[in-house]
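Asker: Here it is, the structure in full.
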Amino acid sequence: MKKYVAEFLGTFWLVLGGCGSAVFAAFIAVPGGENTNEFGLGYLGVSLAFGLTVFTGAYAFGHISGGHFNPAVSFGLWAGKRFPGSQLLPYMIAQVLGAIVAAVVIFLIASGNINGVDLSGSNPLATNGFGEHSPQGYNIMAALITEVVMTFMFLMVILGVTDDRAPAGFGPAAIGLALTLIHLISIPVTNTSVNPARSTGVALFCGNPALIGQLWLFWVAPIGGAILAGLFYKGFFEEPKATLAEPVERPPVTM
């Protein structure tokens, strides 16, 4: 249970920190809109927030559960033979529950605003979407390519920095920075998912059935990209571990 609780808390922290910063502090300007970014975090700040949640969460919980916080990461590690298939479902349940609880907390805090919760935008509660629900109007094909490629590269970084041959101790930093970069690239396209749990948690409370109807892409594309990365890294980069040490020649024993 310790592993599942760690995954729950880590995913809760990721969604609360990342989506919470987008909901409460981003103030991102919309083309033709009246909002300004004068006092907000903007895309850069939200990207850093997501990266910092993984950076801190991996150091806090990585030694307990591996620090996945994301069903796509679990599937990618499974495809790369780093994670047992028997643990996929319980990890996924813990991750989705953590994301849902974080979404509830964000919604409750937002409800405390005297001006009320604004669920009228294209991406309320930092939801993910494409077409009319893309922050900058990207279509379904652009969203699909973006989520597959970004998750593929995210898993390549994760698999690389956790390889036995990689320098020890730098994994969480590299993974957090990779997630920051991914958000800098793809927030305008899909509001950046690369994480089905993160997408599901906030979508359930956004009040817009159309966004729930688009959730399938933010499960299929990240998991597909992650599995491709796991297979590629395992087949192309990973070196087989020696099963037996090379025999050592010893001089004959004389009495």
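Asker: Can you run phi through the Karplus equation (6.51, -1.76, 1.60; θ = phi - 60°) for the range 85-92 and list ³J(HN,Hα) in whole Hz, with x for Gly and Pro?
Answerer: Whole-Hz 3J(HN,Hα) from phi for the range 85-92: x, 5, 9, 4, 5, x, 5, 5.
Asker: So how do 79-92, 4-17 stack up, highest first, on mean other-Cβ count within 10 Å? Spell out each step's value before the answer.
Answerer: Values: 79-92: 16.4, 4-17: 23.9.
Output ranking for 79-92, 4-17: 4-17, 79-92.
Asker: Right, here's the next one. Per residue of the chain, what 222 nm ellipticity follows from adding -39500 (n - 2.57) for every DSSP H run with n ≥ 4, rounded to the nearest 500? Intermediate results must be reported in sequence, preceding the final value.
Answerer: Working: 9 runs with 152 residues, N = 255.
That comes out to -20000 deg cm²/dmol.
Asker: Sorted by packing (mean other beta-carbon atoms within 10 Å per residue), highest first, where do 205-214, 188-197 land?
Answerer: Working: 205-214: 16.7, 188-197: 27.6.
Listed from highest to lowest mean packing, they are 188-197, 205-214.
Asker: Rounded if a/c is under 1.5, else prolate if a/b is larger than b/c, else oblate: which is the range 84-210, with a ≥ b ≥ c the root eigenvalues of its Cα gyration tensor? Let's see the in-between values first.
Answerer: Numbers: a/c = 2.01, a/b = 1.51, b/c = 1.33.
Prolate, since a/c reaches 1.5 and a/b exceeds b/c.
Asker: Which shape class, rounded, prolate or oblate, goes with the range 157-228 when its Cα gyration tensor gives a ≥ b ≥ c as root eigenvalues, a/c under 1.5 marks rounded, and past that a/b bigger than b/c marks prolate?
Answerer: Numbers: a/c = 2.78, a/b = 2.23, b/c = 1.25.
It is prolate, given that a/c is not under 1.5 and a/b is the larger ratio.
Asker: Could you give the nm distance between label points at residue 145 and residue 63, where each point is 7 Å from its Cα heading toward the beta carbon?
Answerer: Here the answer is 4.4 nm between the modelled labels.
Asker: Residues in the range 198-214 near a label at residue 108, defined as backbone nitrogen under 16 Å from the 7 Å Cα→Cβ point?
Answerer: Zone members listed by number: 202, 205.
Asker: Compute the angle between helix 140-161 and the longest alpha-carbon principal axis of the chain, please, reported from 0 to 90 degrees and rounded to the nearest 10.
Answerer: Long axis of 140-161 versus the principal axis of the chain: about 40 degrees.
Asker: Sticking with this one: Can you order the peptides 50-58, 132-140, 166-174 by their average number of other Cβ atoms within 10 Å per residue, highest first?
Answerer: Numbers: 50-58: 22.8, 132-140: 16.2, 166-174: 13.3.
So the peptides 50-58, 132-140, 166-174, ranked by packing, come out 50-58, 132-140, 166-174.
Asker: Taking the Cα atoms only, what angle lies between the long axis of helix 217-232 and the longest principal axis of the chain, rounded to 10 degrees?
Answerer: 20
Asker: Assign unit charges at the C-beta atoms only (+1 for Lys and Arg, -1 for Asp and Glu), then state the dipole size of the chain relative to its Cα centre in Debye, rounded to the nearest 20. Write down the numbers at each step before the final one.
Answerer: On the way: 9 positive and 12 negative charges, 117 e Å.
About 560 debye.
Asker: Could you work out how far helix 2-25 tilts from the main Cα principal axis of the chain, as a 0 to 90 degree angle to the nearest 10?
Answerer: Taking Cα atoms only, the helix is inclined about 40 degrees.
Asker: Two decimals is fine: what is log10 I(q)/I(0) at q = 0.07 Å⁻¹ for the chain, from a Debye sum with one equal scatterer on every Cα and no solvent?
Answerer: With one equal scatterer per Cα and no solvent, log10 I(q)/I(0) is -0.26.
Asker: Under the classification rounded if a/c is under 1.5, otherwise prolate if a/b is larger than b/c and oblate if not, where does the range 78-154 fall, given a ≥ b ≥ c as square roots of the Cα gyration tensor eigenvalues?
Answerer: The shape class here is oblate.
Read-outs: derived from the displayed coordinates by stated rules, not from any lab. Keep in mind that what you see is a predicted model, and the values were worked out from it rather than measured. Note that we place each Cβ from the backbone using ideal geometry, even for glycine, and neighbour counts take in every protein chain shown.
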